[in-house]
Amino acid sequence: MTLYLVEDDRQEKTKEQVSEILERIATVASKSQGELIEALIGETEGRLFLIIKAIDRASLEQVLENAGLGWQLIKEMRLIGQDLATVRERKDKANYLVQWNLPPGLTMETYLQRKAEKTPLYAQVPEVSFERT
């Protein structure tokens with residue numbers, strides 16, 4: 001099983017539409033041995049960012065199509081700093097999604113080095129806690 005980040009098609013949706021889509025995705029994903037792990041709503045009303053566990057990309061695309069969700073981005077992903085069980089336990093704690101524009105050619109090694117250098121700075125902002133990457 002693989003984790004995927006899905007960014008929807010940027011079409012605005014009402015809260016009711018978002019709820020219905022998420023219910024359909026969770027149902028359809030579970031029928032194909034997948035799982036909706038997390039859903040975040042972006043600053044534009046109804047714009048979705050999803051983390052979904054699926055057998056492969058083709059089965060994920062089928063889940064999204066069957067649930068009636070268009071997408072503009074699907075990326076294979078991995079968690080850094082936490083395992084999936086911890087994410088499930090703490091999923092209601094995260095309140096914001098921060099979207100970064102990473103420079104072209106950035107390697108995972110360079111990213112992790114920069115992250116290690118910057119992480120101590122988070123302690124200087126006590127009202128904000130960083131959950132995971």
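The values are calculated or read from the model by the stated rules, or taken from the named source; none is laboratory data. Note that the structure is a prediction, hence the values are computed from the model and not measured. FYI the Cβ positions are ideal-geometry reconstructions off the backbone, even for glycines, and counts take in every protein chain you see. Calculation scope for accessible area: heavy atoms of the full protein, side chains included, ligands and nucleic acids excluded. Shrake-Rupley method; radii C 1.70, N 1.55, O 1.52, S 1.80 Å.
When residues in region 57-87 are screened for being exposed (fewer than 13 other Cβ atoms within 10 Å of the Cβ) and either at pLDDT 85 or above or assigned to a helix (DSSP H, G or I) (or both), 9 of them pass. Total residues in region 93-110 satisfying the condition of being surrounded by 11 or more Cβ atoms within 10 Å (Cβ to Cβ) and modelled with pLDDT under 80: the figure is 2.
For region 2-10, state whether one or more residues are open to solvent by 40 Å² or more (accessible area, probe 1.4 Å) and of a type in the set (S, T, N, Q). No, region 2-10 contains no residue that is open to solvent by 40 Å² or more (accessible area, probe 1.4 Å) and of a type in the set (S, T, N, Q). The residues of region 6-56 that are in a loop (DSSP other than H, G, I, E, B) and at pLDDT below 85, listed by number, are 9, 10, 11, 12, 13, 14, 42, 43, 44, 45, 46, 47. Among the residues of region 12-48, which ones are closer than 14 Å to residue 70 by Cβ and surrounded by 13 or more Cβ atoms within 10 Å (Cβ to Cβ)? 13, 17, 18, 21, 24, 25, 46, 47, 48, listed by residue number. What do you reckon, is residue 36 in contact (Cβ under 8 Å) with a residue 60 or more places away in the chain, closer than 26 Å to residue 83 by Cα, out of contact with any Pro (no Cβ under 9 Å at 6 or more places or on another chain) and not polar (S, T, N, Q)? In short, no.
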